[in-house]
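These notes are about the structure you will find just below.
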Amino acid sequence: QPLPTGMSSVAEYMEFETERADFAVERWKSALNEKLPGGIEVISTRELPDEGKAVAALVTRARYRISMPFFRLYREKSQDYMKRAAIFAEKIQKKTGETRQIDIRPMIRFFETTSMDNEIIVLDTIIDTGSASNLNPETLTRNFCEYCGEEYDRSSVRIERTELFLSQNGEPVSADLFYA
């Protein structure tokens with residue numbers, strides 16, 4: 001799935017076809033890195049089988065690290081946030097531009113604090129990210145801030161995708177393991 005605007009990632013995958021059968025897959029890494037701008041690097045390359053679905057079609061979930069300013073009620077509210085049976089948030093429909101309330105709770109697979117001090121909270125979350133079910137991490141972050149009684153300030157929040165999960169026999173598997 002494309003990375004939402006304004007977010008960073010350390011877990012992106014690129015898939016393409018080539019007509020050059022004589023160019024070894026190991027050489028693609030160095031050839032691509034020579035042409036990429038600073039800050040973007042190909043870490044590894046693999047040859048995939050011709051049959052099967054495209055990588056993007058197999059993506060079902062993503063893990064995000066969300067860093068935001070610490071706020072007073074966080075400790076009390078974070079424990080209760082995921083205990084609710086339903087978590088309603090506003091979602092803007094891409095095609096119509098209309099806003100509607102949806103239950104995002106079934107799309108949040110994991111939600112945990114990984115660190116907290118008097119300045120920054122870091123959340124680790126796994127959410128649905130695919131064609132069947134998709135939750136934008138910004139929608140989750142905005143909703144969490146509202147639940148805690150805090151104003152959402154996008155300029156003070158950092159959202160980074162750290163892992164993608166692909167569907168294998170109906171179960172999510174880390175993309176790194178899927179093609180290992």
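Please list 153-163, 19-29 highest first by mean number of surrounding beta-carbon atoms within 10 Å per residue.
The peptides rank, most packed first, as 153-163, 19-29.
For a protection proxy built on the mean count of beta-carbon atoms within 10 angstrom, sort 4-14, 58-68, 41-51, 120-130 highest first, please.
Working: 4-14: 13.0, 58-68: 21.0, 41-51: 9.8, 120-130: 19.3.
Listed from highest to lowest mean packing, they are 58-68, 120-130, 4-14, 41-51.
Given Cβ point charges of +1 (Lys, Arg) and -1 (Asp, Glu) and nothing else, what value in debye, to the nearest 20, does the dipole of the chain about its Cα centre take?
Details: 24 positive and 30 negative charges, 110 e Å.
Dipole magnitude for the chain comes out near 520 debye.
I need to check one value: relative contact order of the chain, counting alpha carbon pairs closer than 8 Å and at least 6 residues apart, in percent.
Details: 255 pairs, mean separation 54.7, N = 180.
Averaging sequence separation for qualifying contacts and normalising by length gives 30 percent for the chain.
At 1.4 Å probe size, with the rest of the protein present, what percent of the exposed accessible area of the range 80-144 is carbon and sulfur atoms?
Details: 1790 of 3800 Å².
Carbon and sulfur atoms account for 47 percent of the accessible area of the range 80-144.
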Quick one: grab the alpha carbon gyration tensor of the chain, order the square roots of its eigenvalues as a ≥ b ≥ c, and give me rounded if a/c is under 1.5, else prolate or oblate depending on whether a/b is larger than b/c.
prolate
Under a 10 Å cutoff between Cα atoms, tell me which one of 141, 99, 113 has the largest fluctuation in the Gaussian network model of the chain.
99
Let me spell out the model: positive unit charges on the Cβ of Lys and Arg, negative unit charges on the Cβ of Asp and Glu, origin at the Cα centre of the range 105-162. What dipole size does that give, in debye rounded to 20?
320
Taking the C-alpha atoms of the range 107-148, how large are the radius of gyration and the largest Cα-Cα span, Dmax, in Å?
11.6, 38
May I ask for the percentage of alpha-carbon pairs in the range 1-91 that lie more than 22 Å from each other?
54
Per-residue ellipticity at 222 nm attributable to helices in the chain (runs of n ≥ 4 DSSP H, -39500 (n - 2.57) apiece, nearest 500 deg cm²/dmol) works out to -5500 deg cm²/dmol
Given a 1.4 Å probe, how much area per residue of the chain is accessible, in Å²?
65
Among the DSSP beta bridges whose two residues both lie in the chain, what percent are antiparallel, rounded to the nearest 5?
95
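The values are calculated or read from the model by the stated rules, or taken from the named source; none is laboratory data. On a predicted model such as this, the values are computed, not experimentally measured, just so you know. Note that each Cβ is placed from the backbone with ideal geometry, even for glycine, and that neighbours are counted across all protein chains shown. For the accessible areas, the whole protein counts, side chains as well, though only heavy atoms, and no ligand, DNA or RNA atoms are used. Shrake-Rupley method; radii C 1.70, N 1.55, O 1.52, S 1.80 Å.
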